[in-house]
Amino acid sequence: MKATDKPSFCTEANCECIWHTLFEPDDWKDGYSFECIGRMKEPVEFKYKKAVHVNTHYHCIWTPLKGWVKFDVTIEDIWYSARVITNFLKSEDPKECAKCGIHTRMIRFTRCPHCSKLACEICAPSVSIRIKDQTCIYCGKSLVIDTRKKA
């Protein structure tokens, strides 16, 4: 299942799926949680007290405990959520790029299978991680692991 395919059980006709975290279409049936973000075909505008909200996207969360939780959001809401989640991860599950020392890019990182050094998505190519037939610059071992069974 591609991350841009709309989940089959989504009933929101106003949504064009942009991204979700389902690996297999029926993972939710097995009790796994996931998130989905989609673009509204038609924005939803409302005013609450002095604040005018023009929601352009959906952020949906599925959990076996609560089922669907659907938020109508703006791009700004998503940026604030990303900031909160990034700061939470830096505090509760810190990861630091072995080359540049930055954690903010560590949402996507690569780990050497031998020495466990981490590299962010920007530094990974320059430290040979993810490049076929190369070695890790930290431990010198091959990053290509032979998974074939030995005879």
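The values are calculated or read from the model by the stated rules, or taken from the named source; none is laboratory data. Remember, it's a predicted structure, so these values are computed and weren't measured experimentally. We place every Cβ from the backbone using ideal geometry, glycine too, and count neighbours over all the protein chains shown.
Odds and ends about this structure:
Here is a yes/no grid of residues against (1) among the hydrophobic types (A, V, I, L, M, F, W, C); (2) at pLDDT 70 or above:
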| site | (1), (2) |
| --- | --- |
| Val69 | yes, yes |
| Tyr80 | no, yes |
| Ser91 | no, yes |
| Glu96 | no, yes |
| Cys100 | yes, yes |
| Lys132 | no, no |
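- Residue match in segment 78-86 (condition: under 30 Å from Cys139 (Cβ atoms) and in the same structural domain as His20 (by TED's automatic domain parsing)): yes
- For segment 22-69, the set of residues classified as basic (Lys, Arg) and either within 17 Å of Cys10 (Cβ to Cβ) or under 19 Å from the mean Cα position of the chain (by Cα) (or both) consists of Lys29, Arg39, Lys41, Lys66, listed by residue number.
- Within segment 1-35, the set of residues being in contact with a Phe, Trp or Tyr (Cβ under 7 Å, 6 or more places away or on another chain) and in a strand (DSSP E or B) comprises Cys15, His20, Phe34.
- Residue match in segment 115-127 (condition: modelled with pLDDT of 80 or more and in a loop (DSSP other than H, G, I, E, B)): no
- When the residues of segment 1-43 are filtered to those that are loosely packed, with under 14 Cβ neighbours inside 10 Å and at pLDDT 90 or above, the one that is nearest to Ala82 (Cα to Cα) is Arg39.
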